[in-house]
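I have placed the structure first, in the form of C-alpha cells, so that the comments after it can refer back to it.
Just so you know, all these numbers are worked out from the coordinates, no wet-lab data involved. The structure presented is a predicted model; accordingly, all values stated were derived computationally and were not measured. In this analysis, Cβ positions are derived from the backbone assuming ideal geometry, glycine residues included, and neighbour counts consider all displayed protein chains.
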Amino acid sequence: MTKRNLYKTTVSRKSFIAGAGASLAVAAMGLAGCGSKPGADAGKTKELSKLTLCLDYTPNTNHTGLYVAQSKGFFADEGLEIEIVQPAENSCEAMVGSGQAQLGVSYQDYLASALSQENPFPLTAIAAILQHNTSGIMSRAEDGITSAKGMENHTYATWNIPVEQATIKQVVTSDGGDFSKVSMVPYETDDEVSGLKANMFDTVWVYEGWAYQNARIQDYAVNYFSFVDMDQVFDFYTPIFVSNNDFMKDHADQVKAFLRAVKKGYEFAISNADDAASILLKAVPELDEKLVRASAQFLAGEYQKDAASWGVINADRWARYFGWLNDNNLVENKLDVTSGWTMDYLEDTK
C-alpha cells in the first residue's frame, strides 16, 4: 500500500488528510522576496529577508519558541522576517517541498513518507523541536488500562492508517497481548477527553503535552502510558523543523540565522514557561489559556531533555525508527536510514 494519504496531523495527531503526494504538482507560489524594515540593531536599518514557515496545523504550544522569537525580535536581529502560515489544502511537507514555504514544522514519520515516495519531496530535518516522542495511550482511569496488553477487549480510536495500526500492534504484542482483541473504532472527535467522557472509545493515541494536560486541568481521571516507555524504537522525533533542500543549498546563511533565532525562542520557553505561554496567547488568543499554560510548563522540560543543547538530532535514534518503517514495509520505497536530517545548520550543538 502506498503512503500518499498518510501524513497530516494536529497536536493530537487526529486529522490525517489526503493528497500529500499530488500536492507537489501544485504550482509553487512566488517565493518571498526582501524588503526594508527596521531591524533590532541599535539605530540601524536592516534589510530583512522575508521567509515563509508553514506550521503542521493550527498554532499550539509546540510552536511557542517560534512566537517568542517573533515577539522578542530574535528573527529581526538575524535579518529575517518570518511569515508563519498554516497549511490549507496542501500539507506542510508539500508546501515546503514545492517551495511555497522555505521552512516548516513536520514529524519524522511524516518526513519518512515524503522521502520514500517515487518522487521524493526535497526536504530535510534541520532541528528537533522536542527531544523525545511525548505521545502515548490515554484511557479512563476507571477502566484500569495501565499498559498496552490492557487494551485487549477495549475499543481504540483509530485513524485507520497502516503505520499507526502497526505501532499499536507492536506495543500490544510486545506487552503479551493479542492485537486481534483490540476493537478498532473510528476517530471522530477533536477532543480526546470529551471522547472518553462520552464513551466514544476506551483508548486513544494522544500527546502528553496537550490531551493529557487537558484531562488534568479538567480534573478528569485518566491513565496514560507512553510509547517510549513501551518500546525505544518509537522514540522518534516529533515534531521537527524542516527546510527545502534547494533553499538550504542556496541560502545556508539564512537557515543558520533562522535556527539561531528560534533556538533563543525555545531556550526562553524552557526558562520562562509562563511568560512564553503569555506570548503565545497574545499571538493566538483563541487558545484555551489554562491548557496553554499547563502545556507550556510540561514542554519546558521536554524541549531539550537529555540533550546538550536545543534542537539536536541523534543519528542512532533517527536510524532506528527509519529501520523499523523499512522492516515493516510501512514506506513506499525503502529509506536510507541515515538520510533525511542534518545538523550542519544548527550551531553550538556540541
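Odds and ends about this structure:
- Mean shadow area of region 135-234 over all directions, Cα convex hull, nm²: 5.7
- Computed from label points 7 Å out along Cα-Cβ, the spacing between E118 and E286 is 3.8 nm.
- Cα gyration tensor, region 213-350 - rounded (a/c under 1.5), prolate or oblate: oblate
- Computed over the chain, Cα set: Rg, Dmax in Å: 20.0, 68
- Subtracting the Cα-Cα distance of V312 and K181 from 0.36 nm times their residue separation leaves 43.2 nm of extension gain.
- Residues whose placed amide H lies under 5 Å from that of E302, excluding near-sequence neighbours: none
- Helix-only arithmetic for the chain: the sum of -39500 (n - 2.57) across DSSP H runs with n ≥ 4, divided by the residue total, places the mean residue ellipticity at 222 nm at -9500 deg cm²/dmol.
- For the pair K50 and N199, a Förster radius of 45 Å applied to the C-beta separation gives a FRET efficiency near 0.35, rounded to the nearest 0.05.
- Legend: residue pairs K197/K290; K264/K305; K149/K169; K264/K290, Cα-Cα distance threshold 22 Å; pairs beyond threshold, K264/K290.
- Derived scalar couplings ³J(HN,Hα) [region 140-145; Karplus, 6.51 cos²θ - 1.76 cosθ + 1.60; whole Hz; x for Gly, Pro]: 5, 4, 5, 7, x, 8
- Dipole in debye (nearest 20) - region 184-296, about Cα centre, beta carbon charges: Lys, Arg +1; Asp, Glu -1: 480
- Partners for K334 among aspartates and glutamates (Cα-Cα distance below 17 Å; same-chain residues under 8 apart left out): D109, E118
- Relative contact order [Cα under 8 Å, 6+ residues apart], region 144-303, whole percent: 20
- Residue among L287, L111, L55 with the largest mean-square fluctuation in a Gaussian network model of the chain, springs linking Cα atoms under 10 Å: L287
- Taking the inverse of the mean 1/r over every pair of distinct Cα atoms in region 279-329 gives a Kirkwood hydrodynamic radius of 13.9 Å.
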